[in-house]
Amino acid sequence: MEFIQINHNCYYFNGPVNIGYVNVGDHGLLIDTGIDQQAMKRIIRMLDDRSLPITHLFITHAHADHYGGANYLQKKKRIYTIAPAVEESILQNPIIEPIYLSQGNRPLIDMRNKFLEGSPVRVDHIVSEGMMKLGQFELDLIALPGHSINQLGVKVGNILYAADSYFSEEQLNKHRIPFIIDANATLATLEKLLSMGVEGSIPGHGVYEVEVDKTIITNYDHHVSIIESMYRILSNYPDGCSFETIMSEMCRKWNVHLPSVSVWSLYRTAIFSYLIKGIEDKKIEMTVKDFNLYFIPTDE
Ligand SMILES: [Zn+2]
């Protein structure tokens with residue numbers, strides 16, 4: 001894990017999940033924590049070695065790869081933790097993610113792994129978008145929904161910690177169909193990012209970029225291609241087809257790998273996000289046919 005300085009105040013740890021760090025005077029703010037105790041241990045050691053403070057923690061959204069190290073951090077340091085509304089309730093009750101990915105059922109043990117469920121996190125202050133003073137920090141919290149229900153990024157000066165609002169090209173190629181819960185919100189968030197004109201941006205997965213517009217446009221085009229492929233698949237079924245049919249055809253088209261039920265559940269949610277967009281755009285009708293959920297293309 002590499003510790004990279006961006007400017008006088010802003011840094012990040014570049015790893016499988018990026019962790020932001022902001023230092024002002026004797027205050028130090030971590031943005032997300034990485035997936036587990038081991039990741040957090042290394043961060044604490046690297047900051048302690050440089051005599052850099054850790055006093056505050058901001059969690060951008062309640063996915064375990066971003067908050068899994070927080071419980072350990074809270075045991076090791078006196079730290080003031082802030083998180084967005086709704087996300088905060090999952091952080092304090094992390095079983096909620098395996099529950100929602102199991103359609104509300106009590107999750108099977110396979111769903112309760114460290115990628116879907118971390119240890120509970122104490123949240124000291126629930127935040128929403130807008131400017132806020134936190135200790136010696138001036139933070140501009142930016143609503144970036146789409147990848148999760150209430151994800152917030154944070155702008156410090158003109159540097160954006162963008163959470164999972166967009167992915168590096170490498171990540172898009174790896175996942176093929178990225179995890180989102182709301183396709184319209186995802187696209188609106190990408191448009192918002194393009195209009196912000198930040199000096200530089202750090203995604204949750206990828207690297208810091210000064211000219212980030214190109215990556216954001218690549219993300220936008222990628223989602224549009226997925227949406228178009230969905231409509232093409234549906235056009236072969238003028239009388240509609242079941243969710244299972246669309247899911248398997250889309251995964252085949254995008255060459256997705258589903259090694260486990262828990263990974264499958266993430267793709268089910270992502271693919272459903274595009275279907276919801278189609279329904280809201282009145283291009284798809286959802287109904288129940290022969291006891292199955294059915295999706296029928298409309299003429300619009
Ligand atoms: Zn995430």
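The values are calculated or read from the model by the stated rules, or taken from the named source; none is laboratory data. No experiment lies behind these values; they were computed from the predicted model shown. Using ideal geometry, Cβ is built from the backbone for each residue, glycine included, and neighbour counts are taken over all protein chains shown. Calculation scope for accessible area: heavy atoms of the full protein, side chains included, ligands and nucleic acids excluded. Shrake-Rupley method; radii C 1.70, N 1.55, O 1.52, S 1.80 Å.
Summary of computed values
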item	result
Condition check for Leu275: touching a Phe, Trp or Tyr at 6+ places or on another chain (Cβ under 9 Å) and either surrounded by fewer than 19 Cβ atoms within 10 Å (Cβ to Cβ) or not in a helix (DSSP H, G or I) (or both)	no
Qualifying positions in the range 29-88 - open to solvent by 10 Å² or more (accessible area, probe 1.4 Å), within 16 Å of the ligand (Cβ to nearest atom) and out of contact with any strand residue (DSSP E or B) (no Cβ under 6 Å at 6 or more places or on another chain)	Ile35, Asp36, Ala39, His63, Asp65, Gly68, Val86
Options Leu139, Leu152; residue that is under 29 Å from Thr55 (Cβ atoms), within 12 Å of the chain's Cα centre (by Cα) and crowded, with 17+ Cβ neighbours inside 10 Å	Leu152
Val154 being in contact (Cβ under 8 Å) with a residue 24 or more places away in the chain, under 27 Å from Glu2 (Cα atoms) and assigned by TED's automatic domain parsing to the domain that holds Phe58	yes
Verdict on Gln92 being within 20 Å of the chain's Cα centre (by Cα) and either without any contact (Cβ under 8 Å) to a residue 12 or more places away in the chain or not assigned by TED's automatic domain parsing to the domain that holds Ile142 (or both)	no
Test: residue in the range 202-212 that is of a type outside the set (Gly, Ala, Ser), over 30 Å from Glu2 (Cβ atoms), away from the ligand (no atom under 16 Å from the Cβ) and outside any helix (DSSP H, G or I)	no
Test: His175 is in contact with a Phe, Trp or Tyr (Cβ under 7 Å, 6 or more places away or on another chain) and either open to solvent by 50 Å² or more (accessible area, probe 1.4 Å) or within 15 Å of the ligand (Cβ to nearest atom) (or both)	no
Test: residue in the range 137-160 that is away from the ligand (no atom under 16 Å from the Cβ), under 30 Å from Glu211 (Cβ atoms), part of a loop (DSSP other than H, G, I, E, B) and not aromatic (Phe, Trp, Tyr)	yes
Verdict on Glu211 being farther than 22 Å from Val86 by Cβ, outside the structural domain of Ile59 (by TED's automatic domain parsing), modelled with pLDDT under 95 and surrounded by fewer than 16 Cβ atoms within 10 Å (Cβ to Cβ)	yes
Residue in the range 188-199 that is touching a residue at least 12 places away in the same chain (Cβ under 8 Å), in contact with a Phe, Trp or Tyr (Cβ under 6 Å, 6 or more places away or on another chain) and not acidic (Asp, Glu) present	yes
Among (1) assigned to a helix (DSSP H, G or I); (2) within 16 Å of the ligand (Cβ to nearest atom); (3) closer than 23 Å to Asn18 by Cα - the single one Ile181 does not satisfy	(1)
